[in-house]
Amino acid sequence: MRAYVVREHDGVWSASWESDHPEPVCPADGVVVEPRAAALAWSDVLQQTGGYVGAVPAPPFVSGHELAGVVVEAGPAAEFAVGERVFGFLPRPGAFAERVAASSAFVRRIPDELTDLDAAAITTSFLTADVGLFTVGRLEPGQSVLVQSAAGGVGRAAVQLARAVGVELVIATAGSPVRQAEAVALGATRVTGYDEFPEVVRELTGGRGVDVVLESVGGEVFDRSAEALAPFGRLVTIGASAGVPPRRLKLPFLWQRSVTVGGLHIANLLGGSPELLEPSWQRVLGLLAKGELDAGVALVIGPDEIPRGAEALRGRAVSGRVLLDFTR
Ligand SMILES: NC(=O)c1ccc[n+]([C@@H]2O[C@H](COP(=O)([O-])OP(=O)(O)OC[C@H]3O[C@@H](n4cnc5c(N)ncnc54)[C@H](OP(=O)(O)O)[C@@H]3O)[C@@H](O)[C@H]2O)c1
């Protein structure tokens, strides 16, 4: 069968479709899924090029984590039947293939109101945003939040979720006037650039600072985000899109300002403690079913166009998710 395989030879990384990949073996408690859609995340691009910071299998491996499709084989202890529509996230990459094996723990039924593309798009963006804001960040209705990179996949989800649960003040950043306007359309109270946000936070909170920051840029933006917190504020760090670690934040800052820094890794949680994510799944799927959230499908490409999707992500040209449509 065809699979999108990542290889490394003498330090040079490559990824391409190969037609002689072995068929997956169906786990006793799981399923084999024929994907109709899969999401291409920035982390997939980094994994394809050897730039990912974190655990990835040694190459060769099949790329991709998020998929939606139809069950074509079910193990004797599986919670699903052949023909059911399911979506999921694989803690280890392997989603970009004609057939994909997954334990029942990593897939869920697709609600009738969701398309395959929408279902493939929601796990990393909405689950990461929800766990970051509400479980790690303990954000509550009536409080205030700063969402960094609000035109990206996770940022878009965070702005919508914060609004949907009644967070009063949603301040957001984005990299261009067009992307800032998109974040306003999603419900942000005020959207600003990465240089101006500390001033905007001071102005809109009367100098107090925000209760929660969802931070994904790293470097200077991380440091200035920490400085934008109110006493007892929580900074939730989920990534470093700029590729630069924070420089200034030191422990005495946390003591002196009475603030907390926390983090999460959605793949590790899905793989190791999926039960901790259940409240987030309930909230996200409930709001999606009520039509209160946009799944954020921004660019739909054919499976043979993965390099084009990667280029769009690299160029910060996508407002939302990049989806592979396997029916094309
Ligand atoms: N910890 C976790 O479990 C977890 C889960 C999902 C994602 N993440 C991380 O969270 C971040 C956001 O993920 P995503 O899926 O929303 O990514 P995305 O859709 O590619 O959006 C990222 C956005 O970051 C902004 N950005 C700001 N500074 C940047 C820079 N120097 N270089 C590139 N982009 C920059 C860009 O928007 P503007 O052009 O508007 O600034 C870009 O569109 C990534 O770092 C990702 O690795 C972590």
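If I filter the range 190-219 down to residues being more than 22 Å from the chain's Cα centre (by Cα) and assigned to a loop (DSSP other than H, G, I, E, B), which single residue comes out as surrounded by the fewest Cβ atoms within 10 Å (Cβ to Cβ)? In this case the residue turns out to be G206. R179 meets all of the listed conditions (1) more than 16 Å from the ligand (Cβ to nearest atom); (2) basic (K, R); (3) in contact (Cβ under 8 Å) with a residue 60 or more places away in the chain but one, namely (1).
If I filter the range 117-148 down to residues being more than 12 Å from the chain's Cα centre (by Cα) and among the polar types (S, T, N, Q), which single residue comes out as nearest to the ligand (Cβ to nearest atom)? Even if it seems obvious, please write down each step before you answer.
Initially, the range 117-148 is screened for residues more than 12 Å from the chain's Cα centre (by Cα), giving 117-119, 133-148.
Imposing the further condition that a residue be among the polar types (S, T, N, Q) reduces the set to 135, 143-144, 148.
Numbers: T135: 12, Q143: 22, S144: 21, Q148: 7 Å.
So the residue we want is Q148.
Please state which of the following conditions A81 fails to meet, knowing it meets all the rest: (1) in contact with a strand residue (DSSP E or B) (Cβ under 9 Å, 6 or more places away or on another chain); (2) in a helix (DSSP H, G or I); (3) without any contact (Cβ under 8 Å) to a residue 12 or more places away in the chain. With respect to (1) in contact with a strand residue (DSSP E or B) (Cβ under 9 Å, 6 or more places away or on another chain); (2) in a helix (DSSP H, G or I); (3) without any contact (Cβ under 8 Å) to a residue 12 or more places away in the chain, A81 is out only on (2).
Where strands (runs of 3 or more DSSP E) fall entirely within the range 92-153, those with at least 2 residues that are among the aliphatic types (A, V, I, L, M) are at 100-103, 144-147. Scanning the range 304-328 for residues that are closer than 17 Å to G69 by Cα and of a type in the set (A, V, I, L, M, F, W, C) yields V322, L323, L324, F326.
Exactly one residue among V165, V217 is under 23 Å from E140 (Cβ atoms) and aliphatic (A, V, I, L, M), and that residue is V165.
Could you tell me whether L161 is buried (at least 19 other Cβ atoms within 10 Å of the Cβ), within 16 Å of the ligand (Cβ to nearest atom) and more than 19 Å from L264 (Cα to Cα)? Steps first, answer last, please.
Details: buried (at least 19 other Cβ atoms within 10 Å of the Cβ): yes; within 16 Å of the ligand (Cβ to nearest atom): yes; more than 19 Å from L264 (Cα to Cα): no.
Against the criterion (buried (at least 19 other Cβ atoms within 10 Å of the Cβ), within 16 Å of the ligand (Cβ to nearest atom) and more than 19 Å from L264 (Cα to Cα)), L161 does not qualify.
Residues in the range 290-320 that are surrounded by 20 or more Cβ atoms within 10 Å (Cβ to Cβ) and acidic (D, E): 0 in all. Before we move on, is L287 buried (at least 20 other Cβ atoms within 10 Å of the Cβ) and away from the ligand (no atom under 12 Å from the Cβ)? So L287 does not fit the description; no.
Return yes when T189 is among the hydroxyl-bearing types (S, T, Y), more than 13 Å from the ligand (Cβ to nearest atom), under 20 Å from G132 (Cβ atoms) and at pLDDT 95 or above and no when it is not. Can you show your working first?
Details: among the hydroxyl-bearing types (S, T, Y): yes; more than 13 Å from the ligand (Cβ to nearest atom): yes; under 20 Å from G132 (Cβ atoms): yes; at pLDDT 95 or above: yes.
It is true that T189 is among the hydroxyl-bearing types (S, T, Y), more than 13 Å from the ligand (Cβ to nearest atom), under 20 Å from G132 (Cβ atoms) and at pLDDT 95 or above.
Might you let me know whether the range 220-237 holds any residue that is under 23 Å from the mean Cα position of the chain (by Cα) and assigned to a loop (DSSP other than H, G, I, E, B)? No, that holds for no residue. Scanning the range 164-176 for residues that are outside any helix (DSSP H, G or I) and more than 9 Å from the ligand (Cβ to nearest atom), we see that the one that is nearest to the chain's Cα centre (by Cα) is A172.
In the range 238-328, counting only helices (runs of 4 or more DSSP H) that sit wholly within it, the ones holding 2 or more residues that are of a type in the set (F, W, Y) span 251-257.
The values are calculated or read from the model by the stated rules, or taken from the named source; none is laboratory data. Just so we're clear, the structure is a prediction, and the values are computed from it rather than from any experiment. Cβ sites come from the backbone with ideal geometry, for glycine too, and all protein chains shown count toward neighbours.
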